[in-house]
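> Before we start, here is the structure in question, set down as structure tokens.
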Amino acid sequence: QQQVKQSPQSLIVQKGGISIINCAYENTAFDYFPWYQQFPGKGPALLIAIRPDVSEKKEGRFTISFNKSAKQFSLHIMDSQPGDSATYFCAANRDSGAGSYQLTFGKGTKLSVIP
Amino acid sequence: DAMVIQNPRYQVTQFGKPVTLSCSQTLNHNVMYWYQQKSSQAPKLLFHYYDKDFNNEADTPDNFQSRRPNTSFCFLDIRSPGLGDAAMYLCATSRGQGVTGELFFGEGSRLTVL
């Protein structure tokens, strides 16, 4: 099963608030879980990523929480800013053993941070 | 400076008229990918090259082909575009085995089929 389920589809947060986006997967062969940020008219850009041997990773205002037993991971954006308004995609990689990264993306969450 | 460059940014074609999208990279990465992204949907992997080795996803239609003449360039050919092929096509690159799994995306080529 290759699916990655992402929720919510859209999210509105006030400036300074916490944005939380959740993802769930079924394939236990996934070994790498990145989050990508995409602004309108642009390609996605890596925001933060985690491997399943750790439960949390923090980079600035962005934190990934990972629950291996529940097969869930989430993105927390602290002190959300209007400049964070974008679409966020979670993804999971299955290791082909050949060195390439074959990401399966969630359907995306459109985040709007209002002043 | 842009590291993954896609051309054209916007392409309009007629139903059934072949189209080629190009991607070039200055990162010297081993792997180049093509993704299809339809409106408000997740990017979907079509295929990728690891150096010269081509890897097709099982559900990629035969209508989609790719060429990688050298490390820097990769092309997506759509032989007979249908209305359902209208989408943003994203090229991405990554280093090969043993290093970070980050994918570097271009800004995409938006295809319209009339």
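The values are calculated or read from the model by the stated rules, or taken from the named source; none is laboratory data. Remember, predicted model here, so these are calculated numbers, not experimental data. FYI the Cβ positions are ideal-geometry reconstructions off the backbone, even for glycines, and counts take in every protein chain you see. We work out accessible area using only protein heavy atoms, side chains counted, and drop any ligands, DNA or RNA first. Shrake-Rupley method; radii C 1.70, N 1.55, O 1.52, S 1.80 Å.
> Projected onto the charge dipole of the protein assembly as shown (+1 at Lys/Arg Cβ, -1 at Asp/Glu Cβ, origin at the Cα centre), which of A:F105, A:T87, A:Q72 gives the Cα projection farthest towards the positive end?
Highest projection toward the positive end goes to A:T87.
> With both partners inside the protein assembly as shown, how many of the DSSP beta bridges are antiparallel, as a percent to the nearest 5?
If I count the DSSP bridges inside the protein assembly as shown, around 90 percent turn out antiparallel.
> In nm, to one decimal, how far is the modelled label at A:Q3 from the one at B:T112, with both set 7 Å along Cα→Cβ?
For A:Q3 paired with B:T112, the spin-label model returns 3.4 nm.
> Could you sort B:42-49, A:35-42 so that the peptide with the highest average Cβ count within 10 Å comes first and the rest follow in order?
Per-residue mean Cβ counts within 10 Å order the peptides as B:42-49, A:35-42.
> Give me the Debye-computed log₁₀ of I(q)/I(0) at q = 0.14, 0.16, 0.19, 0.21 Å⁻¹ for chain B, equal point scatterers on Cα only, no solvent, two decimals.
Listed by q, the Debye log ratios stand at -0.52, -0.68, -0.95, -1.16.
> Here is the link list: A:K58/A:K107; A:K68/B:K38; A:K57/B:K52; A:K15/A:K71; A:K15/A:K68; A:K15/B:K44. Which ones come out longer than 28 Å on Cα distance?
Too far apart for the 28 Å limit: A:K68/B:K38; A:K57/B:K52; A:K15/A:K71; A:K15/A:K68; A:K15/B:K44.
> For chain A, with every protein chain kept in place, what is the accessible area per residue (1.4 Å probe, Å²)?
Normalised by residue count, the accessible surface of chain A is 48 Å².
> Also: Roughly to the nearest percent, how much of the accessible area of chain B is carbon and sulfur, given a 1.4 Å probe?
With neighbouring chains kept in place, the figure for chain B is 48 percent.
> Counting only DSSP beta bridges with both residues in the range A:4-114, what percent are antiparallel, rounded to the nearest 5?
So the antiparallel bridges amount to about 90 percent of the total.
> May I pose another question? Once Lys and Arg get +1 and Asp and Glu get -1 on their Cβ, which of B:A58, B:P69, B:L111 lies farthest toward the positive end of the dipole of the range B:4-113?
So the residue we want is B:L111.
> Let me ask something else about it. Would you mind telling me the antiparallel percentage of the DSSP bridges in the range B:4-113, rounded to 5?
Taking every DSSP beta bridge with both residues in the range B:4-113, the antiparallel ones total about 90 percent.
> Now for a separate question. In debye, nearest 20: dipole of chain A around its Cα centre with unit charges on the Cβ of K, R (+) and D, E (-)?
Charge dipole, chain A, about its Cα centre: 200 debye, nearest 20.
> Buried accessible area for the B:A pair, summed, 1.4 Å probe, in Å² rounded to 100?
Summing both sides, the interface buries roughly 1700 Å².
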